[in-house]
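**Student:** This structure is in C-alpha cells; I'll ask about it shortly.
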Amino acid sequence: MKRNISILFLCISLSIAAQKNATEKSIFIVMDKTASILSQKSKANSISIGVVKNGKTYTRHYGEIDKGKENIATNNTVFEVASITKLFTGLLTAQAVLEGKLDLDEDIRKYITGSYPNLEYNRTPITIKDLVSFRTGFSKDLPDTDELRKNRNDSSYLAFKKVDEAYSREKFFADLKTMKLDTLPGTKFKYSNGSLNLTAHILENVYQKSYEMLLKENILSKLGMTSSGINLNPNMTIAQGYNLKGILMPTISDNLWGAAGMLKSTLGDLTKFIAYELNTKNKIVKESQRNLLNSLTIWNGYFWDYIEVDENGKNCWKHGGAFGTQNMLLIYPERQMGISIIVNISDENTGNALGEAIVRLSNELLSENKKQTGIYGYKIVNKNVVFMYEHDKNLDPNFVKSVSIAGSFDNWNPNDQDFQMIQKSKNTFELSVPKSKFEKDKTHLFKFVINKTGWMEAPKNAINRETDGDENLILRI
C-alpha cells in the first residue's frame, strides 16, 4: 500500500511540474511574439520585458544595446526609467498622508517654504489632492518648455537638455512665485513635472530629510532595489539609448529634486517594484492607486498617467520617456499581473508602439479569464435585443460605475444615453433595445465599455467575435 501511495504522489508531482513548465513556456512564447512585433514597429536595438504573474517573475531580453556589439541586456542592466520615477514619488506622498504628515484636503502652501499668495484661483487654493492628481491649475510647467514642444525637430533634445542643466531650485521657487492659475484647482488635468518637484520639496519639509534619502529608506532599501537610485555609484554604467536615426542620445539632466524623472533602475529591480504594486493588502500601495476625486471614468491616483477599469478589473498605467529610452509599466492588481517593457530608443512614435505591445501582451496573458463560449453579449427575446454583461465575481464590483454599449450602430460612442446598461445586481448589467433600432440583414459590430473608458476585448471562444480588425463582437438581426 505504501508503495502505491508513493507512486501516486510521484505521478501527482510530475503532473504539477509538467503544468508549471507548460505555463512558463506559454508565457515566454507570448513575450517572444510581443518582442518580435515591437522590434519591427519601434526599430529599437534592445527590448527588455518583465512579467510578474501570480507571484512568479518572468524576464526576457532581446537584441543588443549597441548595434553590432552583441551586448545583450540582462536583469542587471541599468536604464533611465524617466517618468516611472513619479510612481515612487507618489508612494512616498501616499505614505505621508497615511502617517498624518500631509492632509489631502489641505492648502499646499501650508507645507511650502515661503509666501505664495498667487497659488489660488478665485480664493480657492490648491490642495495636496489636486497636486498628486495633476490638477493644480498651473498655467505652465516648471521649467516652462511649451515653446520647445511646439516646434520639435531632430535636435530638440539639445535645447531641452540645455534648459534642464540651467534650471536651479532658486529659479524654480522664483518661477513658482509668478505662477498663474488658469482654472479652478481640482478640475482640469495637466501633466506637470513641476508638480512632482514641488511635491518633493513638501516631502522634505514634513520629514526633514532629503527626497533622495526618503526614496532610499522607504522604497529602494525595503524592496531590495539595490541597483536603483537618483544618483548611482559612478562605477555603474547606464545603458545607452538612441533616436530613430540611430544617433546616440544623452542622459537626462536635473538640478532640482529628481522626483519627476531622474530614477535609474534595472528590469530585475522593476519587477520587484511591480510585485510591490500588486500587493493589494499594502495600505500605502492601495492609497497610491485610490480614486481620490471619485471619478466616474478614469483617475490618476498619486501621479499615475491613468487608472481605469475593464473586464479584468482595475489597471494602472505609467509611461516613462528619456532622450534615448522609453518604458511602459502596467499592473492589474486584481489579476495579480504586471508588465514592464523597456526599449533603448526614443522617438515620437515609440510610445504608441510600446502601448500597442503592452496591450497585446496583457490580453494574451489574461486570456485565460475569458472562458465564455457560444453567442456572447446578447440574446434575441421577441422583438428586442437584450444585451448582457457579467463582471467577473472574483473582481471588485465597486470599481464599476457604469457599463455602456458602443458600436457601429451608435458611432462607437460610449456616452450614448440610449445604450447605457442597467445594473441588475452587484456584477450584472442588462439593456433591452428594440430590434427596429438595428438595420436588418446587416452585420453590426459592438463592444462593452466600463466607466466610458475601459473597452473590453471579446472572449476568444465567442462565436460572434470578429476574427480580424479590432476583434469586436458581432450582432446580426
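**Student:** How much accessible area does Ser42 have with a 1.4 Å probe, in Å² rounded to the nearest 10?
**Tutor:** Using a 1.4 Å probe on the heavy atoms, I get roughly 10 Å².
**Student:** Separate question: Treat the stretch 360-477 as a sphere of radius equal to its Kirkwood radius over Cα pairs and apply Stokes-Einstein at 25 °C in a medium of 0.890 mPa s; give the translational diffusion coefficient in µm²/s, rounded to a whole number. Intermediate values should be presented prior to the final figure.
**Tutor:** Numbers: Rh = 14.7 Å.
Calculated translational D: 167 µm²/s.
**Student:** Roughly to the nearest percent, how much of the accessible area of the chain is carbon and sulfur, given a 1.4 Å probe?
**Tutor:** Reported share for carbon and sulfur atoms: 49 percent.
**Student:** Report the one residue of Gly313, Asn279, Met328 whose Cα lies farthest in the direction of the positive end of the charge dipole of the stretch 269-338 (charges on C-beta: Lys and Arg +1, Asp and Glu -1; origin at the Cα centre).
**Tutor:** Farthest towards the positive end: Asn279.
**Student:** Check cross-link reach from Lys43 to the aspartates and glutamates: straight Cα distance under 15 Å, and skip same-chain residues fewer than eight apart.
**Tutor:** Straight-line reach from Lys43, under 15 Å: Glu64, Asp66, Asp347, Glu348, Glu356.
**Student:** In terms of the ratio Rg/(2.2 N^0.38 Å) built on C-alpha atoms, what value belongs to the stretch 273-367?
**Tutor:** The reported ratio for this selection is 1.09.
**Student:** So for the stretch 313-411, considering every pair of alpha-carbon atoms, how many percent are separated by more than 23 Å?
**Tutor:** 47 percent
**Student:** Then there is this: Answer with one residue from Ser346, Ala96, Asn398: the one whose Cα lies farthest towards the positive end of the charge dipole of the chain, charges on Cβ with Lys, Arg +1 and Asp, Glu -1.
**Tutor:** Among Ser346, Ala96, Asn398, the one farthest towards the positive end of the dipole of the chain is Asn398.
**Student:** I've got another one for you. Can you give the accessible area of Phe79, probe radius 1.4 Å, in Å² rounded to 10?
**Tutor:** Surface open to solvent at Phe79 totals about 0 Å².
**Student:** Going out from 0 in 5 Å bins, what whole percent of all Cα-Cα distances in the stretch 19-122 drops into each bin?
**Tutor:** It works out to 2, 9, 12, 13, 13, 11, 7, 6, 9, 10, 5, 1, 0, in whole percents.
**Student:** If only Cα atoms are counted, what is the Rg of the stretch 193-278, and what is its Dmax, in Å?
**Tutor:** Using the Cα atoms of the stretch 193-278, the pair Rg, Dmax is 14.5, 46 Å.
**Student:** Contact order normalised by length for the chain, with contacts defined as Cα pairs under 8 Å and 6 or more residues apart; what percent is it?
**Tutor:** Here the relative contact order equals 17 percent.
**Student:** When only Cα pairs under 8 Å and 6 or more residues apart are kept, what is the percent relative contact order across the stretch 77-204?
**Tutor:** 36 percent
**Student:** Counting only heavy atoms of protein chains, what accessible area per residue, in Å², does the stretch 318-360 have with a probe of 1.4 Å?
**Tutor:** Details: 1040 Å² over 43 residues.
Value returned for the stretch 318-360: 24 Å² of accessible area per residue.
**Student:** Next question. Using the C-alpha atoms of the chain, what convex hull volume per residue, in cubic angstrom, is computed?
**Tutor:** Roughly 203 Å³ of hull volume per residue.
**Student:** If you don't mind, another one. Going through the DSSP H helices of the chain, which span 18 Å or more along their own axis at the Cα atoms while scoring at least 1.0 as a mean Kyte-Doolittle hydropathy? Could the numbers behind the result be given before it?
**Tutor:** Numbers: long enough: 2-42 (59 Å, 0.39); 85-98 (20 Å, 1.14); 193-207 (21 Å, 0.10); 350-366 (24 Å, 0.39).
Span-like helices, by this rule, are 85-98.
**Student:** Past 22 Å, Cα to Cα, is the threshold; run Lys33/Lys69; Lys86/Lys286; Lys25/Lys53 against it and keep the listed order.
**Tutor:** In this structure, Lys33/Lys69 exceed 22 Å between Cα atoms.
**Student:** If you don't mind, there's one more thing I want to ask. Hull surface divided by four, with the convex hull built on the Cα atoms of the stretch 100-257: how many nm²?
**Tutor:** Result: 11.3 nm².
**Student:** About the Cα centre of the chain, what is the dipole size in debye to 20, counting +1 per Lys and Arg Cβ and -1 per Asp and Glu Cβ, all else neutral?
**Tutor:** Details: 62 positive and 54 negative charges, 248 e Å.
Dipole of the chain, to the nearest 20 debye: 1180 debye.
**Student:** Give the aspartates and glutamates whose C-alpha is closer than 20 Å to that of Lys435, dropping any in the same chain fewer than 8 places away, or say none.
**Tutor:** Asp410, Asp416, Asp418
**Student:** Need one value: the accessible area of Arg360 in square angstrom, 1.4 angstrom probe, rounded to the nearest 10.
**Tutor:** 70 Å²
**Student:** Give the distance, in whole Å, between the Cα centre of the stretch 91-133 and the Cα centre of the stretch 150-228.
**Tutor:** So the separation of the two Cα centres works out to 15 Å.
The values are calculated or read from the model by the stated rules, or taken from the named source; none is laboratory data. Since the structure is predicted, the reported quantities are computational estimates derived from the model, not experimental observations. Counting neighbours? That spans all protein chains shown, and the Cβs are built from the backbone with ideal geometry, glycine included. We work out accessible area using only protein heavy atoms, side chains counted, and drop any ligands, DNA or RNA first. Shrake-Rupley method; radii C 1.70, N 1.55, O 1.52, S 1.80 Å.
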